[in-house]
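Asker: Dropping a structure here in structure tokens format, bear with me for questions.
The values are calculated or read from the model by the stated rules, or taken from the named source; none is laboratory data. All figures in this text were calculated on a predicted structure; none of them were measured in a lab. Note that each Cβ is placed from the backbone with ideal geometry, even for glycine, and that neighbours are counted across all protein chains shown. Only protein heavy atoms, including side chains, enter the accessible area calculation; ligands, DNA and RNA are left aside. Shrake-Rupley method; radii C 1.70, N 1.55, O 1.52, S 1.80 Å.
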Amino acid sequence: MAESAANNKKKTKNTKNTKKKNSSNSKSTSSGGSVSSALDVAKSIAKNNRYGYSRNNRWGNPNYDCSSFVITCWERAGVPVKSKYGASFTGNMREAFVRAGFRCYRLSPNQTFHLKKGDVLLNEGVHAAMYYGNGKIIDATEHPANGDQIGVRKNSSGYGWQYVLRYEG
């Protein structure tokens, strides 16, 4: 009888290990899919001249500001940062995104950080963007000289990024 209980314990333990392995494999697959989906949404919005920049009318009807743009991209990619976790502006994005499966990296001034496509760059209360790749970001921002813009541009330390939020599923 004791031998049978020991065998059952082993079986249970092996089952748990198998489940862990399978869930970690699906996690990386779903994470990659969500990141590419969020970037696809961002590119689609940026290419559509119907959208502009506005802090007052900011949820895609027809404009966005920096935070509503990033939040919308992740929501449409299936990560419920707004609908489930309440992200609504740069001041509450960090907490909501972490609760939705993002890892938060705190940056210090002039720190070099290896960014990955889809990373959310955040300066709380100031600006949010997504890392596009090749030293560029995609964001919604107001440019007095060029007008309101949503698009891809060179990443600038002038935003004073405080955090990198990386989706891990």
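Asker: Taking interchain pairs and intrachain pairs at least six residues apart, which have beta carbon atoms under 9 angstrom, with the first residue in the stretch 43-56 and closer than 11 Å to Q149 by Cα and open to solvent by less than 70 Å² (accessible area, probe 1.4 Å) and the second assigned to a loop (DSSP other than H, G, I, E, B) and among the charged types (D, E, K, R)?
Answerer: Y53/D65; S54/D65
Asker: Here's a check for you: in the stretch 66-80, which residue that is aliphatic (A, V, I, L, M) and farther than 15 Å from Y51 by Cβ is least open to solvent (accessible area, probe 1.4 Å)?
Answerer: V79
Asker: Now for a separate question. Just to be sure before I move on: is N61 modelled with pLDDT under 95 and open to solvent by 40 Å² or more (accessible area, probe 1.4 Å) in the structure I sent?
Answerer: Here the answer is yes, as N61 does meet what is asked.
Asker: Another one. Within the stretch 81-106, how many residues are open to solvent by 20 Å² or more (accessible area, probe 1.4 Å) and either touching a Phe, Trp or Tyr at 6+ places or on another chain (Cβ under 7 Å) or of a type outside the set (D, E, K, R) (or both)?
Answerer: Number of matching residues: 13.
Asker: Tell me, which strands (runs of 3 or more DSSP E) wholly within the stretch 130-169 include 3 or more residues that are modelled with pLDDT of 95 or more and aromatic (F, W, Y)?
Answerer: none
Asker: For the stretch 114-126, which positions are modelled with pLDDT under 95 and either under 10 Å from the mean Cα position of the chain (by Cα) or not aliphatic (A, V, I, L, M) (or both)?
Answerer: H114, G125 - these are the residues of the stretch 114-126 that are modelled with pLDDT under 95 and either under 10 Å from the mean Cα position of the chain (by Cα) or not aliphatic (A, V, I, L, M) (or both).
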